[in-house]
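Here's the structure, in structure tokens; my notes come after.
The values are calculated or read from the model by the stated rules, or taken from the named source; none is laboratory data. Source: prediction; values computed, not measured. Cβ placement follows ideal geometry from the backbone for every residue including glycine, while neighbour counts extend to all protein chains displayed. Heads up: the accessible areas ignore ligands, DNA and RNA and are worked out on the full protein's heavy atoms, side chains in. Shrake-Rupley method; radii C 1.70, N 1.55, O 1.52, S 1.80 Å.
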Amino acid sequence: MSTETVDPWHAMLSQQVADSAGAHSSLDQRRQSASELFQQSGFPTRKHEEWRYTPLKSVAQGEYSALLPADGALPGDDELATTSDIRIVLINGRFRDDLSDLTALPDEVSIRGLAGMLAENPDSVIESIDRLIPSEDHPFQNLADVFLCDGLVIDAQGETDARIHIVHAQDGSAVSGSSHVSGLVRLSGGAKIEILEEFRSRGTTLANIRWGMEIGSGCEFSRQRVVRPGCDVLYHGTRVQVEGKAIFRDLIAGSGARLVRNEIHAILAGPEGHVDLLGGYVSNGDEIVDHHTVIEHAVEDCTSREIYRGVLGGGSRGAFTGMIHVHQDAQRTDAEQSNDAILLSRSAEMNTRPRLEIYADDVKCTHGATVGELDDESLFYLRSRGVGLEEARRMLVRAFTAEVFKDLENEALKEQFIEQLQEAMPAAGESGS
Amino acid sequence: MSAHENEEKMILDVNNLHASVEGSPILKGLNLSVKPGEVHAIMGPNGSGKSTFANVLAGREDYTVDSGSVSYSGLDLLDLDPEERACEGIFLAFQYPVSIPGISNAYFLRSALNAVRRYREESEVDAVDFLQLVREKMKLVGMDEKLLQRSVNDGFSGGEKKRNEILQMAVLDPKLAILDETDSGLDIDALRIVAEGVNALRGGDRAFIVVTHYQRLLDYIVPDHVHVLSEGQIVRSGDKTLAHELEREGYSWLESGHAREKTQEAS
């Protein structure tokens with residue numbers, strides 16, 4: 001890795017480590033070691049197997065290295081049809097008490113800004129971060145460690161059913177730069193939490209967001225994430241431990257971001273747990289969408305399902321890397337994975353890499369990947385009924401992506417997701433084919 | 001248009017039509033004239049070009065028209081896109097209807113109906129009016145209303161798919177309906193229900209071209225004219241009794257006839 005491309009970042013990192021030293025010894029240590037790892041490894045190039053389809057050259061250059069200012073405005077967007085009455089806003093990586101509304105929060109649930117908790121009770125927070133987000137040599141994790149300052153801590157204990165809307169906004173209208181958010185989720189005692197996580201951005205920004213979660217026995221966590229058009233670079237990483245009979249569901253929908261890297265590492269750690277990972281996207285121009293998932297079946301009798309579907313136009317590129325790791329003791333695992341893509345132009349590209357590592361013998365694992373064009377037979381069928389070519393193409397794209405959203409109970413939100421993807425679809429003439 | 005004029009005017013006039021698939025000629029000089037209100041059956045052995053003919057009329061792009069002309073209601077049919085043909089009143093009931101997971105039957109039908117109505121400069125139908133219309137038409141083909149909310153043909157039985165085709169026909173109200181082997185894969189009960197649906201749509205100026213291998217469909221949908229297609233040409237035409245003749249004698253007489261011709265060419 002050439003050092004010159006990392007230079008602006010190096011300077012930022014050294015300064016950050018120096019500035020924040022003395023706050024808390026184990027935090028200092030974590031910052032220090034992450035900084036050292038980053039100084040050595042920097043941003044991976046495309047020679048790095050795990051980053052082969054995520055070109056970070058533009059990120060490595062200086063533009064994003066500064067921190068986005070602590071104050072910033074919420075980029076205006078149409079509001080989503082959320083049913084949650086709890087609203088959390090983070091702008092440029094800072095939890096904004098003034099823009100958030102926690103009044104409807106049930107007693108069993110607490111949501112706090114990470115910065116406040118670090119000031120109040122650093123030992124317990126840092127212990128949780130170490131446990132839920134163990135250090136690893138990963139460019140965005142290293143940056144998140146070095147620049148760790150704010151984020152969210154969500155705890156729910158006991159029977160509750162809360163719906164939370166989180167808006168991550170990047171305001172790069174004055175200066176370009178990055179923000180780094182760490183979030184913790186801890187559910188226990190049968191809690192049920194649903195989160196709608198929304199990403200908005202204006203200007204040249206890098207949003208580096210990571211979550212560490214533990215979903216306790218019998219708990220349910222459902223998350224819908226939506227990348228709104230106009231986002232620049234988004235790294236989003238989730239590491240989640242799913243205990244017995246617990247459920248972790250995730251859905252990511254999006255269009256119109258320059259580069260999205262979505263990483264999920266789910267560990268099924270107790271019997272009869274379930275993980276559900278869904279994704280639907282439309283990409284255009286030179287956009288890049290990379291879904292990178294690892295599901296570890298560590299114990300017996302767990303199930304997992306993955307469905308990712310992309311529609312790629314222009315010269316956009318998509319990637320899917322899906323590892324299913326079935327440990328030796330994970331008998332009667334049932335894992336399903338599918339990744340399908342439609343290419344609307346000849347210069348669009350999709351790379352799909354299913355990876356199965358199975359060490360147990362009584363296992364049901366299915367995986368399938370398809371990359372194709374819109375089906376001519378279906379197009380002709382629609383046209384033979386009077387539907388024009390352009391509308392027929394849109395209907396088929398709608399049908400293709402709708403599969404991802406079919407279990408979503410909130411019909412209005414579902415319609416918004418599908419609508420956003422449909423609007424992002426290039427017309428036949430402009431898809432560069 | 002008065003009944004008298006109808007008698008004079010053709011709804012469809014196919015003249016010396018040649019068409020090929022991937023370079024191999026399938027239709028080799030097909031001629032056919034259909035008047036408004038008539039039901040024409042096209043019969044013939046497998047590979048004679050029946051389905052090709054049906055699909056060429058609907059505008060499927062896999063088929064290349066090499067020469068000849070097709071005039072439809074005074075329009076040059078071959079010059080129109082498939083959706084324009086549909087909007088002008090041509091309807092093809094598919095031999096193998098396509099299933100489209102993710103699009104509900106109701107959404108599909110309403111999109112189609114509104115596309116056709118926009119083309120005809122009529123106002124679009126709203127959800128309420130549409131539902132009323134489609135319920136009425138579903139009774140006609142004996143279709144379960146639940147199928148409206150299901151994805152188009154997805155997981156439908158053979159009979160349900162064919163009924164769905166007839167439902168679409170009923171909703172879109174075509175001037176020329178082409179049934180491509182609508183009887184294939186149907187048991188006798190399903191066949192009867194589908195045929196009853198078709199018969200309910202007969203009448204007035206609506207013309208039908210019924211493409212079939214077997215005569216049994218024609219027991220239910222009684223044609224005005226029967227044509228035998230062989231090697232891309234209509235080799236015999238007659239009234240409904242021709243269908244019965246074919247039922248008795250099969251198509252072997254065609255093959256032996258051609259075999260004779262070929263022998264003569266060779267010698």
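With R₀ fixed at 35 Å, the C-beta to C-beta distance from B:ARG118 to B:ASN46 puts the FRET efficiency at about 0.35. Note on region A:277-305 and region A:332-394: Cα centroid distance 14 Å, given to the nearest whole angstrom. Using a Förster radius of 45 Å, what is the FRET efficiency between A:GLU50 and B:ARG192 based on their Cβ-Cβ separation? Nearest 0.05, please. That pair, A:GLU50 with B:ARG192, gives E of 0.15.
Residues of region A:355-397 that bury at least 40 Å² of accessible area when the other protein chains are present, relative to the chain alone (probe 1.4 Å, heavy atoms, ligands and nucleic acids excluded): A:GLU377, A:PHE380, A:TYR381, A:ARG383, A:SER384, A:ARG385, A:GLY386, A:GLU391, A:MET395. Among A:GLU391, A:GLU409, A:GLU336, the residue with the largest mean-square fluctuation in a Gaussian network model of chain A, with springs joining Cα atoms closer than 10 Å, is A:GLU409.
Taking chain A as a Gaussian network of alpha-carbon nodes connected by springs under 10 Å, the highest mean-square fluctuation of the residues A:TYR308, A:TYR281, A:TYR359 belongs to A:TYR359.
Are there trypsin sites (Lys or Arg not before Pro) in region A:336-433 that DSSP puts in a loop and that have at most 15 other Cβ atoms within 10 Å, and which ones? Can you show the working numbers first?
Values: sites: A:ARG346, A:ARG355, A:LYS364, A:ARG383, A:ARG385, A:ARG393, A:ARG394, A:ARG398, A:LYS406, A:LYS414; in loops: A:ARG346, A:ARG385, A:LYS406.
Answer by residue number: A:ARG346, A:LYS406.
Qualifying trypsin sites (Lys or Arg not before Pro) in region A:1-102, where qualification requires a DSSP coil assignment and no more than 12 other C-beta atoms within 10 Å, comprise A:ARG46, A:LYS47. Build a GNM of chain B with springs between Cα atoms under 10 Å apart, and of B:GLY232, B:GLY142, B:GLY197 the one that fluctuates most is B:GLY142. How far is helix B:158-172 tilted, in degrees, relative to the longest principal axis of the Cα atoms in chain B, given as a value from 0 to 90 rounded to the nearest 10? The angle comes out at about 70 degrees.
Is the shape of region B:186-252 rounded, prolate or oblate, going by the alpha carbon gyration tensor and its root eigenvalues a ≥ b ≥ c, with a/c under 1.5 for rounded and a/b larger than b/c for prolate? Oblate, since a/c reaches 1.5 and b/c is not below a/b.
What a 1.4 Å probe finds exposed on region A:3-372 is 47% carbon and sulfur by accessible area, rounded to a whole percent. DSSP beta bridges fully contained in the protein assembly as shown are about 15 percent antiparallel. Taking a ≥ b ≥ c as the square roots of the eigenvalues of the Cα gyration tensor of region A:3-372, is the shape rounded (a/c under 1.5), prolate (a/b larger than b/c) or oblate? Taking the square roots of the gyration eigenvalues as a ≥ b ≥ c, region A:3-372 is rounded. Using the Karplus relation 6.51 cos²θ - 1.76 cosθ + 1.60 with θ = phi - 60°, the per-residue 3J(HN,Hα) values for region A:57-73 come to 4, 5, 6, 5, 5, x, 3, 9, 6, 6, 7, 5, x, 5, 9, x, 9 Hz, with x marking Gly and Pro. Restricting to DSSP loop positions (anything but H, G, I, E, B) with no more than 13 other Cβ atoms inside 10 Å of their own Cβ, which GluC sites (Glu not before Pro) remain in region A:72-130? Those satisfying the criteria are A:GLU79. Apolar share of the accessible surface for chain B: 45 percent from carbon plus sulfur atoms, 1.4 Å probe. When A and B come together, around 2100 square angstrom of accessible surface is lost from both chains combined, probe 1.4 Å. For chain B, find the longest principal axis of its Cα atoms and tell me its angle to the long axis of helix B:105-119, 0 to 90°, nearest 10. Rounded to the nearest ten degrees, it is 80. Charged neighbours of A:SER188, selected by a Cβ distance under 15 Å, balance to -4 (K, R count +1; D, E count -1).
How big is the Cα convex hull of region A:1-124 in projection, averaged over all directions, in nm²?
Details: hull surface 44.7 nm².
In nm², the orientation-averaged hull projection of region A:1-124 is 11.2.
Efficiency by 1/(1 + (r/R0)^6): what FRET value for A:ASP101 and A:ASP407, r their Cβ-Cβ distance, R0 = 25 Å, to the nearest 0.05? Before the final figure, lay out each step's value.
Numbers: r = 28 Å, r/R0 = 1.11.
So the FRET efficiency works out to roughly 0.35.
Under 5 Å from the amide H of A:GLU220 lie the amide H atoms of A:ALA191, A:LYS192, A:ILE193, A:ILE247, each residue being 5 or more positions distant or on a separate chain, with H modelled from the backbone and absent for Pro and chain starts.
Charge tally around A:GLN224: other residues with Cβ under 12 Å, Lys/Arg +1 each, Asp/Glu -1 each, net -2.
Relative to the longest principal axis of the Cα atoms of chain B, the long axis of helix B:252-266 lies at roughly 50 degrees.
Would you mind getting the Kirkwood hydrodynamic radius of the protein assembly as shown from its Cα pairs, rounded to one decimal in Å? Taking the inverse mean of 1/r over all distinct Cα pairs, the protein assembly as shown comes out at 28.9 Å.
For the pair A:HIS367 and B:ASP173, label points projected 7 Å from Cα toward Cβ lie 5.4 nm apart.
Ordering A:GLU272, A:GLU349 by accessible area with a probe of 1.4 Å, largest first, what comes out?
Details: A:GLU272 105, A:GLU349 75 Å².
Result of the area sort, largest leading: A:GLU272, A:GLU349.
A 1.4 Å probe run over chain B, with the rest of the protein chains in place, finds 45 Å² accessible per residue. Beta bridges from DSSP with both residues in region A:3-372: antiparallel share about 5 percent, rounded to the nearest 5. For the residue pairs A:LYS364/A:LYS414; A:LYS364/B:LYS146; A:LYS192/A:LYS406; B:LYS139/B:LYS161; B:LYS175/B:LYS240; B:LYS137/B:LYS162, the C-alpha atoms sit more than 24 angstrom apart in A:LYS364/A:LYS414; A:LYS364/B:LYS146.
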